Amino acid sequence: SGLPALVVARAVAPSAFSTGVPFDTVRDYLLSLPGLPEDVAAQLRMFTADGSTLPLPVPRDQVRTSPAEVNGEPATLLTSRDRTMAGVVWVDDGIVTAVGGALDADEVLSIARGLR
């Protein structure tokens with residue numbers, strides 16, 4: 001299929017900050033914009049200023065997401081609607097890790113949980 005069988009990636013988790021404008025003000029401004037889909041607005045309302053939320057945009061028509069857990073950390077499991085690939089993404093101690101490829105959900109979770 002041309003897809004990699006397995007990809008494991010780690011990077012410093014992204015962060016954002018603002019000087020002079022409180023987080024709640026920016027979030028509320030974004031929520032006030034016309035045309036914002038309700039499901040996106042609901043997710044934006046869950047964002048907090050403590051940096052515990054990692055925005056993860058995915059094409060809903062192609063990928064399903066579900067909550068998961070990797071070694072005690074909350075994670076997001078992604079599976080293609082045609083079930084040809086899966087991935088899992090989580091943040092632990094400021095490091096974002098992703099495991100994915102031409103595997104099923106159980107396989108990527110098993111690999112992710114085995115990483116050190």
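Filter the strands (runs of 3 or more DSSP E) completely within the stretch 1-100 down to those with at least 1 residues that are surrounded by fewer than 14 Cβ atoms within 10 Å (Cβ to Cβ) and not aliphatic (A, V, I, L, M). Give the derivation first.
Numbers: elements: 7-12, 63-70, 73-80, 86-92.
Because the criterion is at least 1 residues that are surrounded by fewer than 14 Cβ atoms within 10 Å (Cβ to Cβ) and not aliphatic (A, V, I, L, M), the strands (runs of 3 or more DSSP E) in the stretch 1-100 that meet it are 7-12, 63-70, 73-80.
Which one of these is of a type in the set (Asp, Glu) and under 20 Å from LEU103 (Cβ atoms): ASP28, ASP61, ASP82, ASP24? Can you show your working first?
Values: ASP28 fails: under 20 Å from LEU103 (Cβ atoms); ASP61 fails: under 20 Å from LEU103 (Cβ atoms); ASP24 fails: under 20 Å from LEU103 (Cβ atoms).
Matching residue, one of ASP28, ASP61, ASP82, ASP24: ASP82.
Quickly run through the stretch 101-116 and pick out the residues that are open to solvent by 50 Å² or more (accessible area, probe 1.4 Å) and among the aliphatic types (A, V, I, L, M). Before you say what the answer is, go through the steps one by one.
Step one: filter the stretch 101-116 for residues open to solvent by 50 Å² or more (accessible area, probe 1.4 Å), giving 104, 106-107, 110-111, 113, 116.
Scanning the stretch 101-116 gives a single hit, ILE111.
Among the residues of the stretch 50-82, how many are β-branched (Val, Ile, Thr) and farther than 21 Å from GLY94 by Cβ? Even if it seems obvious, please write down each step before you answer.
Going through the stretch 50-82, the residues β-branched (Val, Ile, Thr) turn out to be 53, 58, 63, 65, 70, 76, 79.
If we keep only those that are farther than 21 Å from GLY94 by Cβ too, we end up with 58, 63, 65, 79.
Going through the stretch 50-82 one residue at a time, the tally reaches 4.
Could you tell me whether ALA102 is touching a helix residue (DSSP H, G or I) at 6+ places or on another chain (Cβ under 7 Å) and among the hydrophobic types (A, V, I, L, M, F, W, C)?
Numbers: touching a helix residue (DSSP H, G or I) at 6+ places or on another chain (Cβ under 7 Å): no; among the hydrophobic types (A, V, I, L, M, F, W, C): yes.
It is false that ALA102 is touching a helix residue (DSSP H, G or I) at 6+ places or on another chain (Cβ under 7 Å) and among the hydrophobic types (A, V, I, L, M, F, W, C).
The values are calculated or read from the model by the stated rules, or taken from the named source; none is laboratory data. Nothing here was measured: the structure is a model prediction, and the numbers come from that model. Note that each Cβ is placed from the backbone with ideal geometry, even for glycine, and that neighbours are counted across all protein chains shown. Please note that ligands, DNA and RNA were not included when accessible areas were found on the heavy atoms of the full protein model with its side chains. Shrake-Rupley method; radii C 1.70, N 1.55, O 1.52, S 1.80 Å.
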